[in-house]
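**Student:** Have a look at the structure that comes next, please.
Where a number appears in this text, it was derived from the coordinates with a stated rule and is not lab data. Keep in mind it's a predicted model, so treat the numbers as computed, not measured. With ideal geometry, Cβ positions are generated from the backbone for all residues, glycine too; neighbour counts draw on all protein chains shown.
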Amino acid sequence: MNLAEKPFAPLRDLRAHQRVCGPTFTGSTDVHADADFITGGFLIDCKAVTRPHRLGRQEVQQLAGYLLRDYDNQYDIHDIGFYLARQGTLIRWSVPEFLITPGARTTLPQLRTALREDLRATRSSKRS
């Protein structure tokens, strides 16, 4: 708890409606996908790892999945990151920075629409 004091201090000062624990997303109806926190538009996924340098593609894709499943922009996410619980460290990117780093070339709304359409097509082909 002491490790979390400093990184979360500014987030605790937010109004209650700006702090959401376990948010679910519009695009999570068929797959259980709930993030850990959204605080004032900052999507945070907590990781309790002993070797944070081993965080990789799977963890980043999980974070991206949460971001993209907020189809209707219900949470107005503008920052995204990890809280490393054992290290007491908060890692934060702006959404554009997070998307550009792996090479995204389209906007967040376009990526959300593409994911939604792809998942719908996948579901309908499985039913057939």
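**Student:** Where Lys and Arg each count +1 and Asp and Glu each count -1, what net charge lies around E59 among other residues with Cβ under 10 Å from its Cβ?
**Tutor:** Computed value for this residue: +2.
**Student:** To the nearest 10 degrees, how steep is helix 57-69 against the longest Cα principal axis of the chain, on a 0 to 90 scale?
**Tutor:** The angle comes out near 70 degrees.
**Student:** Would you mind telling me the antiparallel percentage of the DSSP bridges in the chain, rounded to 5? List each step's numbers first, then the result.
**Tutor:** Working: 13 of 19 bridges.
Among the beta bridges of the chain, antiparallel pairing accounts for roughly 70 percent.
**Student:** List the trypsin sites (Lys or Arg not before Pro) in region 1-66 that DSSP assigns to loop (not H, G, I, E or B) and whose Cβ has at most 14 other Cβ atoms within 10 Å. Which are they?
**Tutor:** Taking region 1-66 and a limit of 14 other Cβ atoms within 10 Å, the loop trypsin sites (Lys or Arg not before Pro) found are R15.
**Student:** Which trypsin sites (Lys or Arg not before Pro) does region 64-128 hold that lie in a coil by DSSP with at most 11 other beta carbons within 10 Å?
**Tutor:** Values: sites: R69, R86, R92, R105, R112, R116, R120, R123, K126, R127; in loops: R86, R105.
Within region 64-128, the qualifying trypsin sites (Lys or Arg not before Pro) (loop, at most 11 other Cβ atoms within 10 Å) are R105.
**Student:** Can you bin every Cα-Cα distance in the chain into 10 Å intervals starting at zero and give me the percent of pairs per bin, rounded to whole numbers?
**Tutor:** Histogramming the chain at 10 Å steps yields 12, 41, 33, 12, 2, 0 percent.
**Student:** Nearest 10 degrees, 0 to 90: what angle lies between the long axis of helix 108-127 and the longest principal axis of the chain (Cα atoms)?
**Tutor:** Its long axis makes an angle of about 50 degrees.
**Student:** Follow-up. At 7 Å along the Cα-to-beta-carbon direction for both E5 and Q58, put a label point, then send me their distance in nm to one decimal.
**Tutor:** 3.4
**Student:** Follow-up question, since we're still on this one. Treat every Asp and Glu Cβ in region 2-127 as -1 and every Lys and Arg Cβ as +1, leave all other atoms uncharged, and give the resulting dipole magnitude about the Cα centre to the nearest 20 debye. Each step should come with its number before you reach the end.
**Tutor:** Numbers: 18 positive and 14 negative charges, 74 e Å.
Rounded to the nearest 20 debye, it is 360 debye.
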